Amino acid sequence: MYQYVTIDKQLVRERFCNSLKSYGSHAVVQQAMAKELADMICRSKQGRSFNRVLEVGSGSGMFMNELLTRCAVHTYFANDLVEESHHCLSEVLEHFSVEEFRFLAGDIEHIEELPCDLDLVVSNATLQWLDDLDGFFKTMAAHLKPGGMLAFSTFSTSNMCEISSIEGTGLRYHTLEELELLAGKYFELTESHEQVEQHEFSSPEAVLRHIRQTGVNGIRRRSWTKSRYQHFIDQYRLLYSCGNGVFLTYHPVFCCMKKRVS
C-alpha cells in the first residue's frame, strides 16, 4: 500500500544542511532547472531589472547566481529553512552589484513578517516541501505589487517514482494542471511547461549516494537495516536497469505568472 508522507520540516532542514557543500556539484537537475527558470523570467520581463525580489528556498545560491547573471536587482530578499545557507549566498553576492541583501531564515509558511511591494517572488525546486500551497500562493500574492511576477519550478507526479515504488512511500506531488489551478486564484499564467527525464547511474548504490548528496532524502526518519538495504538494491536493479546501469526519473515543472490587477 503506497503512503504519502507528512513532511517533517526539521528533518528536511537537517538533510539539506548536511548536503550544503555537496549540493552544487551533484544537483545537476536542480542546476538545469535554475537556468531554465531564470530564462523564463527573462522572457516575461522586459528590461531585465527588478527593484525588490524575494527568493524562497535559496539554498546554496544556485538560482541566485543564474538570476543575477541575467538581471539587475536592487534589493534581494532570500529565504531558506537552513540558516547556514546565508554564508553560501554571501559568497555568490561577491560577484554581483546588489544594493541591499537580507536573509530571512526559517520556514516560509510560518514567517510572520515578509517584505512587501515585491516585483518578483521566485522559487527553484522547493515548493514540493511545503504543506499548504494554496496558502503560500495567497501570501505571495499579498506581498507582490499588482502585476508583480511569481515564477517557480518544482517537481511533479513522476519524480523519483523508482524510489517511491520500492519503498512504498513518498511526497504528494501536484500535477502541472493542479499547480496552475491553485496559483490561478491569485495570478494570471504567462508560461508553463514540464519535462520528464531519466538519468543514468552506474548502480542502485550510486542512486542512493546521489540522493544523499543532494539532500532530497529528507522524507522520513528510518534507518537502513541490512535486509531493507539489500531488498532495495535487488529490486532497483531488477526493475530499473538500463544499458549502463540503472535509471532515475526526474519530473520538473515550470510556471511563470503575474499578479492579477484588480
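Name the helices (runs of 4 or more DSSP H) wholly inside the range 159-262 in which the number of residues that are at pLDDT 95 or above, out of contact with any Asp or Glu (no Cβ under 9 Å at 6 or more places or on another chain) and among the basic types (Lys, Arg) is 1 or more.
Values: elements: 161-167, 176-183, 204-214, 226-239.
Hits in the range 159-262: 226-239.
Is there a residue in the range 26-42 that is under 22 Å from CYS116 (Cβ atoms) and out of contact with any His (no Cβ under 8 Å at 6 or more places or on another chain)? Yes, the range 26-42 contains at least one residue that is under 22 Å from CYS116 (Cβ atoms) and out of contact with any His (no Cβ under 8 Å at 6 or more places or on another chain).
For the range 75-101, a residue qualifies if it is more than 17 Å from the chain's Cα centre (by Cα) and part of a loop (DSSP other than H, G, I, E, B), and the qualifying residues are GLU84, GLU94, HIS95, PHE96, SER97, VAL98, GLU99. Can you tell me which residues in the range 127-157 are of a type in the set (A, V, I, L, M, F, W, C), within 29 Å of VAL28 (Cα to Cα) and not in a strand (DSSP E or B)? LEU127, TRP129, LEU130, LEU133, PHE136, PHE137, MET140, listed by residue number.
Could you please tell me which pairs satisfy a Cβ distance under 6 Å, a separation of 6+ or placement on different chains, a first residue in the range 22-48 that is farther than 14 Å from PHE63 by Cα, and a second residue that is hydroxyl-bearing (Ser, Thr, Tyr)? Short answer, once both residue conditions are applied: HIS26/THR214; SER44/THR190.
Kindly check whether there is at least one residue in the range 45-52 that is among the hydroxyl-bearing types (Ser, Thr, Tyr) and surrounded by 22 or more Cβ atoms within 10 Å (Cβ to Cβ). No - not one qualifying residue is present in the range 45-52.
Inside the range 107-126, can you point out the residues that are out of contact with any Asp or Glu (no Cβ under 6 Å at 6 or more places or on another chain) and either assigned to a strand (DSSP E or B) or touching a residue at least 60 places away in the same chain (Cβ under 8 Å) (or both)? Selection gives ASP107, LEU114, PRO115, ASP117, LEU118, ASP119, LEU120, VAL121, SER123, ASN124, ALA125, THR126. Filtered by the rule that a residue be more than 16 Å from the chain's Cα centre (by Cα), among the hydrophobic types (A, V, I, L, M, F, W, C), surrounded by 16 or more Cβ atoms within 10 Å (Cβ to Cβ) and within 27 Å of ALA142 (Cβ to Cβ), the range 157-194 gives LEU182, ALA183, PHE187.
The values are calculated or read from the model by the stated rules, or taken from the named source; none is laboratory data. What you see is a predicted model, and the numbers here were worked out from it, not measured in a lab. Cβ atoms come from the backbone with ideal geometry, glycine included; neighbour counts cover every protein chain shown.
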